[in-house]
Amino acid sequence: MSGTARRCPPCMESLVLFRAQKSPAKILSGSRPVSRRSMLALVSIPLLVGGQRSLGGAKSDVLVKDYPTPQLAADAAAGKRLVFPAGRTYTVTSLSVPAGCHVEGNGSTLRFPDNSTKSATHSDEILAVSGSGVTIDNLKFDGRASKQGATWSQYRHCVRIQGNVSGVVVKNCEFSDIIGDGVYVNIGSSAKNCTIGPDNTFTSDHFNRNGVSIVTGTHIEVHHNRFVKCSRSGMPGPVDLEPNSSAETLSDVFIHHNTIVGGSESGAGTLPGIVYSGFQNAAANNINIYDNDISGTRFTDGVLVIGISGGPFNSVTNLNVYNNHIHDIGNADRFGVGINHYIGANVYDNTFSGMQWAIYNYKGALGVSTGNTFIGVAADITNDDPHLA
């Protein structure tokens, strides 16, 4: 996370404790004389860290090519590296990746079967993270949305991260022709540390639900990704932050340094680039949307923060939208940042260029709003029937 632009989010730190080890000299102190050859042999012994032998971070490799199916290979890869051959394509459904597995994709493609969507409520995924400590690296995911026929389900995702799993990373992956979400994150109230990025790309020609959905979890980061033509009309957007119930936990969320391109194709309804949806009035906290580049005349809002029409005032706290560049989304009825319906947000240090309203607060609460730059906008800041907590 960078630097000077990040003003209000707290730092996230992790502390790894290593048990102190004796040096070869201390091991030998007080013992009988040792020959030079023995000393050299002793020095060459790998250092023990935390009581375990360190092998430079290397893991045992499980090669997909050595197994009849990718699932059988994955079953053998708990705590190991699952290595796909370069450039291969596999048709799979719900490939389950176990705890501690580092998936080395090497540019191989995982895809849904064609014509496999059975109903509008069909729920599954190409790959499911089934344990903590999983990394998904350099895979291509083909949702085959355009090959499913007339039936569409918003619940068919490329990658599903769900349940009490922590320490998950998805990076360097390509998501195309997505049906539901590219990545769906719903890890509950006790799990934490899920990172989507860097260098993922999400494209779907406006056919899918969301690029990335964040429902629950703590310490969630979506960063340095590219979203192009994501989300159909009536669906939330390329990045959707949306707890499903008032009892769910969503905290310490950082959406930053993403490039979000809506394109020019027209759509229907509200079409944001990034949305925080507070419809369930969850007590979310420390939600940060910053350093993103958002453009495209398809969007009605660069960033939308929305609560419940008619109230009550939303329980989310410390929702910050800052240092984003929102530009070229058109003029009439276009908003840089919209705050709608009994919800509050700080909106500061952003650059707005080429829209009718830069910051529009409708029945919500606009907090800090300093340091914004307005270029070619009809109205800088509009407070329309504001409601405070």
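The values are calculated or read from the model by the stated rules, or taken from the named source; none is laboratory data. Fair warning: this is a prediction, and the values are worked out from it, not measured in the lab. Cβ coordinates were reconstructed from backbone atoms using ideal geometry, including for glycine residues, and neighbour counts include every protein chain displayed. We work out accessible area using only protein heavy atoms, side chains counted, and drop any ligands, DNA or RNA first. Shrake-Rupley method; radii C 1.70, N 1.55, O 1.52, S 1.80 Å.
Provide the packing ranking of 375-384, 92-101, i.e. peptides ordered by the mean count of other C-beta atoms within 10 Å per residue, highest first.
Values: 375-384: 14.3, 92-101: 18.0.
Averaged packing, sorted descending, gives the order 92-101, 375-384.
Over the heavy atoms of T249, what accessible area does a 1.4 Å probe trace out, to the nearest 10 Å²?
Per-residue accessible area (T249): approximately 50 Å².
Convert each backbone phi in region 84-89 into a coupling constant with the Karplus relation 6.51 cos²θ - 1.76 cosθ + 1.60 (shift: θ = phi - 60°), then list the ³J(HN,Hα) values in order as whole Hz, x for Gly and Pro.
Values per residue, Gly and Pro as x: 8, x, 6, x, 8, 10 Hz.
Please give the net charge around S277, taking every other residue with its beta carbon less than 13 angstrom from that of S277, where Lys and Arg add +1 and Asp and Glu add -1.
Computed value for this residue: -3.
Between region 63-118 and region 366-385, how far is it from one alpha carbon centroid to the other, in angstrom?
Centre-to-centre (Cα) distance: 48 Å.
Using a 1.4 angstrom probe, figure out how much accessible area region 247-361 has per residue, in square angstrom, rounded to the nearest whole.
Working: 3270 Å² over 115 residues.
Per residue, region 247-361 has 28 Å² of solvent-accessible surface.
Kirkwood Rh over alpha-carbon pairs of region 87-234, then Stokes-Einstein at 37 °C and 0.692 mPa s: what D in µm² s⁻¹, rounded to an integer?
Taking Rh from Cα pairs, D becomes 221 µm²/s.
Once both labels are modelled 7 Å past Cα along the beta-carbon direction, what's the S266-V368 spacing in nm?
Label at S266, label at V368, 4.0 nm between them.
Rounded to the nearest 20 debye, what is the charge dipole size of region 259-370 about its Cα centre when +1 sits on each Lys and Arg Cβ and -1 on each Asp and Glu Cβ?
The dipole of region 259-370 has a size of about 280 debye.
Suppose the chain between L72 and N383 were pulled fully straight at 0.36 nm per residue; how much longer would it get relative to their current alpha carbon spacing?
Difference between extended and current length: 106.2 nm.
³J(HN,Hα) across region 288-296 via Karplus (A = 6.51, B = -1.76, C = 1.60, θ = phi - 60°), whole Hz, x for Gly/Pro?
10, 10, 8, 6, 9, 10, 10, 8, x
How large a share of the accessible area of region 297-354, in percent, is made up of carbon and sulfur atoms when the probe is 1.4 Å and the other protein chains stay in place?
46
Within region 93-134, what whole-number % of the accessible surface is contributed by carbon and sulfur, with the 1.4 Å probe and all protein chains included in the calculation?
On the way: 700 of 1440 Å².
It is 49 percent, rounded to a whole number.
May I ask you to evaluate 6.51 cos²θ - 1.76 cosθ + 1.60, the Karplus curve with θ = phi - 60°, for each residue of region 102-117 and list the ³J(HN,Hα) values in order in whole Hz, giving x for glycine and proline?
9, 8, 9, x, 6, x, 6, 10, 10, 9, 5, x, 5, 6, 10, 7
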